[in-house]
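Trainee: The structure is given below, and queries will be raised subsequently.
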Amino acid sequence: MNIGGLVHAYFDNAGPGGVFVLLVVGVACTTYYLLARWFVAGGRTESQAVPSTDEQPVSMDE
Amino acid sequence: MPRWGMVIDLDKCFACQSCTAACRMENNTPVAGKNQADMGRAILWNEVLPFIEGEYPNIHTTMLPRPCMHCDNPPCVKVCPVQATYKNEEGIVLVNYDRCIGCRMCTVACPYAVRYFNWYPPEWPEELKAHLNPEPEVQPRPKGVVEKCTFCFQRLRKAREEADAEGRPFNATDYTPACVQTCTGHARYFGDLDDPNSLVSKLAHSPRAFRMFEELGTQPKVYYLKQG
Amino acid sequence: MEPKNQNVQQILAPVRRVSAGDYLLWGVLLALLLTGLGAWTWQFIEGLGITGMNRPVYWGVYITNFVFFIGLAHSGTFISAILRIAGQSWRAPLTRAAEAITLFSLPFGAGSIIIDMGHPERILNVIFYGRYQSPILWDVTAVSLYMLSSIIFFYFSLIPDIAICRDRLTDAPRWQRRMYQILALGWKHHPEQYRRLEKVLDGMAVFMTMLVVTVHTVVSWLFGMTVQPGWHTALIGPFFLLGAILSGTAAVVITLAILRKVYHLENVLHVGLFNSLRKLLITFVLGWLYMMIAEHLTIGYSSMTEEMVVLNDKFSGTFSLIFWSMATFVFGLPLLIFLFKGKNNIGWMVFACVLINIGMWLERYIVIIPTEVSPRMLHVMGQGHYLPQLPEILITIACFAGLILLYAVFTRFFPIVPIWETAQELPGHAHSQPAPAAAASD
């Protein structure tokens, strides 16, 4: 297989560059989505944390 | 496959500008008008530029006709993000006006300043409008795209069609760009650089031959023959 | 359990308290932004001819803005990512304020490129026909990934605070409560959530640091990859990067000072922060000087013909006024101010930082325009000239107005100081913070 030719074709042709951009952004989106799911889900398997009640919601408009 | 190139003999050029005029009529470059031209926005695929050395009275002027160099290693093609400018298999650097996004990276990258941008929609005085070249390759370009000298590649297509119609093989000498055809001093030569017997190829190997900014490695296919 | 932060009331106070003054400010900024949009429409209809650009000055103020805004965007990533890796905990109160600059200046950086295009409606050609040999594709990749990543990085660290807003701002309008509800992703302030969030942010910080270096280097390669005198130097990448971090950090100082004053955050954004930033800025200004000397000495000493034309034009020719103002604004005055006046004095710091940012804009201009004005064909083509025209000025003002508008609106809907990151105690583990009172308050 002609690796040099492939590399050259990648850089020199219209199209593959756009695919690469989409690929990079796509992979990033997926990764960030999975990361977000992972950290938001933290502690869900254990006993659910009780929402804080020791402090009443305070209005900021007084 | 021919590799088209040009040789310009600076000894023979007397800066009559007929190449510039012929180029305009052949390629439908718009008329910018005085104000725009003063701003540096005239579109001249071929320009005759004065190269002045020394100061009056010890002055020496070289007139330098400058078409596109059609580099073998074109810096403009490298930087185009969408391959709107490309080098075809015969070595001619062309622009796809329908694809150009108008980023002007190529104009900035070209060391020869041969690439022009359409700042406004193209315009002609009424009298000229009636005489636009009807060839499909040179239809007026819209605003916002880059254009440049194409070695009149519409003439290459026509020469091939003619040869076909006459039932004879196409010969490199059948194809002549407008500036070469019109040159009053016969200072311009055009042909296949890869054919060792062609006139351009012989002249390109003359000891007088040089190329502009050869040190940049762009390998232009326009050769000049030194004056004097 | 919510993070315990004694300043929570103070930090939340500006949120949603939209005053008449705010509406006035937003109105003015919006008007400026719309004027710029109008100018762009005008340019789209008429053609780029209405700008001052010509041949050989094919790139003008728009590209200058592109480089400048992308540079400004480096503020946030530098403060929150690089300093996070370096373990500089003093940065905590100003992370969000800095990242917001990143977030809101990136659209105007990327937008400037689109404004500059002759055919903006063909922008998708870059994807359909993308050709990776072109530095523009490198830019598209780097900037879009950077934009996405900074939005995400920003949002991730905002989630716990959105949850606090959701729980506390219960008498906000319905749509706003709904917005908090959705954006908080059901955050429960669980210790495990915080542990994982910190982990994700640490990891992303490393990635963002690599990205920030890549982005501005690639931006500089738009110029560096050509063979034009003044641009074709390997130093252009590091030089652009350092300039970006300098102008970004300076912008953080300006922003912090305004926030502190307008939103009465004196306790949270204490003077100590400004003193820390002052030390950083001194380093960057000196670094900038080093780059400046390295570049110009190399060019000047070798005295190659085309390079010298550009260099002389900067030093003593058409651009000498801009060049020397730039040197004074970026290096001369700020360094003196930082060294002798800046300590514990926010007013002087802000003044110096405004100078730096004016100077950095001029620097971008002085890198781009003189090279174009004196192309290699100079001896036959003659000197080019360039003067920005009305649409370019309007659009530039609109970009700045847009950045400030987005920022101002954001601060009224979200806490601009991270509550959880400055908390004295986080659920699950103690989160020790340097005492804000340590520094003298003014």
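The values are calculated or read from the model by the stated rules, or taken from the named source; none is laboratory data. These numbers were taken from a predicted model, which means no experiment stands behind them. Glycine gets a Cβ as well: all are built from the backbone with ideal geometry, and neighbour counts include every protein chain shown.
Trainee: Determine which member of the set C:ALA234, C:ALA184 is surrounded by fewer than 21 Cβ atoms within 10 Å (Cβ to Cβ), within 30 Å of C:LEU426 (Cβ to Cβ) and more than 9 Å from every other protein chain (Cβ to nearest Cβ). Can you show your working first?
Mentor: Numbers: C:ALA234 fails: within 30 Å of C:LEU426 (Cβ to Cβ).
Exactly one of C:ALA234, C:ALA184 is surrounded by fewer than 21 Cβ atoms within 10 Å (Cβ to Cβ), within 30 Å of C:LEU426 (Cβ to Cβ) and more than 9 Å from every other protein chain (Cβ to nearest Cβ), namely C:ALA184.
Trainee: Taking the options C:GLY87, C:GLY52, C:GLY47, C:GLY38, name whichever one is at pLDDT 90 or above, at positive phi and of a type outside the set (A, V, I, L, M).
Mentor: C:GLY47
Trainee: Among the residues of the stretch B:124-144, are any assigned to a loop (DSSP other than H, G, I, E, B), touching a strand residue (DSSP E or B) at 6+ places or on another chain (Cβ under 6 Å), surrounded by 13 or more Cβ atoms within 10 Å (Cβ to Cβ) and within 14 Å of another protein chain (Cβ to nearest Cβ)?
Mentor: We begin by selecting, within the stretch B:124-144, every residue assigned to a loop (DSSP other than H, G, I, E, B); these are B:124-125, B:130-135, B:139-144.
Then keep just the ones that are touching a strand residue (DSSP E or B) at 6+ places or on another chain (Cβ under 6 Å); that gives B:141.
Among the residues that remain, those that are also surrounded by 13 or more Cβ atoms within 10 Å (Cβ to Cβ) are: B:141.
Add one more test, that the residue is within 14 Å of another protein chain (Cβ to nearest Cβ), and what stays is B:141.
Checked against the condition, which is being assigned to a loop (DSSP other than H, G, I, E, B), touching a strand residue (DSSP E or B) at 6+ places or on another chain (Cβ under 6 Å), surrounded by 13 or more Cβ atoms within 10 Å (Cβ to Cβ) and within 14 Å of another protein chain (Cβ to nearest Cβ), the stretch B:124-144 yields at least one hit.
Trainee: Let me ask something additional. Hey, any hits in the stretch C:307-314 for a residue that's surrounded by fewer than 19 Cβ atoms within 10 Å (Cβ to Cβ) and basic (Lys, Arg)? Steps first, please.
Mentor: First pass over the stretch C:307-314, keeping only residues surrounded by fewer than 19 Cβ atoms within 10 Å (Cβ to Cβ): C:308, C:312.
Right, trim to basic (Lys, Arg) and you get none.
Scanning the stretch C:307-314, I find no residue that is surrounded by fewer than 19 Cβ atoms within 10 Å (Cβ to Cβ) and basic (Lys, Arg), so the answer is no.
Trainee: Out of C:PHE78, C:PHE104, C:PHE44, report the one residue that is surrounded by 24 or more Cβ atoms within 10 Å (Cβ to Cβ), part of a helix (DSSP H, G or I) and of a type in the set (Phe, Trp, Tyr).
Mentor: On the way: C:PHE104 fails: surrounded by 24 or more Cβ atoms within 10 Å (Cβ to Cβ); C:PHE44 fails: surrounded by 24 or more Cβ atoms within 10 Å (Cβ to Cβ).
Among C:PHE78, C:PHE104, C:PHE44, only C:PHE78 is surrounded by 24 or more Cβ atoms within 10 Å (Cβ to Cβ), part of a helix (DSSP H, G or I) and of a type in the set (Phe, Trp, Tyr).
Trainee: Now, a different point. Give C:ILE127, C:ILE136 a once-over and let me know the one that is in contact with a Pro (Cβ under 6 Å, 6 or more places away or on another chain), within 25 Å of C:LEU211 (Cβ to Cβ), part of a helix (DSSP H, G or I) and facing another protein chain (nearest Cβ under 9 Å). Let's see the steps before the verdict.
Mentor: On the way: C:ILE127 fails: in contact with a Pro (Cβ under 6 Å, 6 or more places away or on another chain).
Residue meeting the stated conditions: C:ILE136.
Trainee: Next question, about the same structure. For the subset of the stretch B:33-72 comprising residues that are farther than 20 Å from C:TYR58 by Cβ and facing chain C (nearest Cβ under 10 Å), which member is surrounded by the most Cβ atoms within 10 Å (Cβ to Cβ)?
Mentor: Of everything passing the filter in the stretch B:33-72, B:LEU64 is surrounded by the most Cβ atoms within 10 Å (Cβ to Cβ).
Trainee: Taking only the stretch C:45-62 into account, find how many residues are facing another protein chain (nearest Cβ under 9 Å) and either under 24 Å from the mean Cα position of the chain (by Cα) or hydrophobic (A, V, I, L, M, F, W, C) (or both). Please lay out each step first, then the result.
Mentor: Going residue by residue through the stretch C:45-62, those that are facing another protein chain (nearest Cβ under 9 Å) are C:46-59.
Now restrict to residues that are either under 24 Å from the mean Cα position of the chain (by Cα) or hydrophobic (A, V, I, L, M, F, W, C) (or both): C:48, C:50, C:53, C:57, C:59.
Total meeting the criteria: 5.
Trainee: Tell me, which strands (runs of 3 or more DSSP E) wholly within the stretch B:32-117 include 1 or more residues that are in contact (Cβ under 8 Å) with a residue 24 or more places away in the chain and under 18 Å from B:GLN17 (Cβ atoms)? Talk me through it step by step, then tell me what you get.
Mentor: Values: elements: B:47-55, B:58-66, B:85-87, B:93-95.
Because the criterion is at least 1 residues that are in contact (Cβ under 8 Å) with a residue 24 or more places away in the chain and under 18 Å from B:GLN17 (Cβ atoms), the strands (runs of 3 or more DSSP E) in the stretch B:32-117 that meet it are B:47-55, B:58-66.
Trainee: Next up: Since C:ARG195 meets every condition but one in (1) at the interface with another protein chain (Cβ under 7 Å from one of its Cβ atoms); (2) outside any helix (DSSP H, G or I), which condition does it not meet?
Mentor: For C:ARG195, the exception is condition (2).
Trainee: Check whether at least one residue in the stretch B:145-167 is within 11 Å of chain C (Cβ to nearest Cβ), assigned to a loop (DSSP other than H, G, I, E, B) and surrounded by 16 or more Cβ atoms within 10 Å (Cβ to Cβ), and report yes or no.
Mentor: Scanning the stretch B:145-167, I find at least one residue that is within 11 Å of chain C (Cβ to nearest Cβ), assigned to a loop (DSSP other than H, G, I, E, B) and surrounded by 16 or more Cβ atoms within 10 Å (Cβ to Cβ), so the answer is yes.
Trainee: Name the residue, out of C:ILE293, C:ILE254, that is surrounded by fewer than 22 Cβ atoms within 10 Å (Cβ to Cβ), over 25 Å from C:GLN424 (Cβ atoms) and free of Cβ contacts under 8 Å to residues at least 12 places away in the same chain. Outline the logic, then answer.
Mentor: Working: C:ILE254 fails: free of Cβ contacts under 8 Å to residues at least 12 places away in the same chain.
So the residue among C:ILE293, C:ILE254 that is surrounded by fewer than 22 Cβ atoms within 10 Å (Cβ to Cβ), over 25 Å from C:GLN424 (Cβ atoms) and free of Cβ contacts under 8 Å to residues at least 12 places away in the same chain is C:ILE293.
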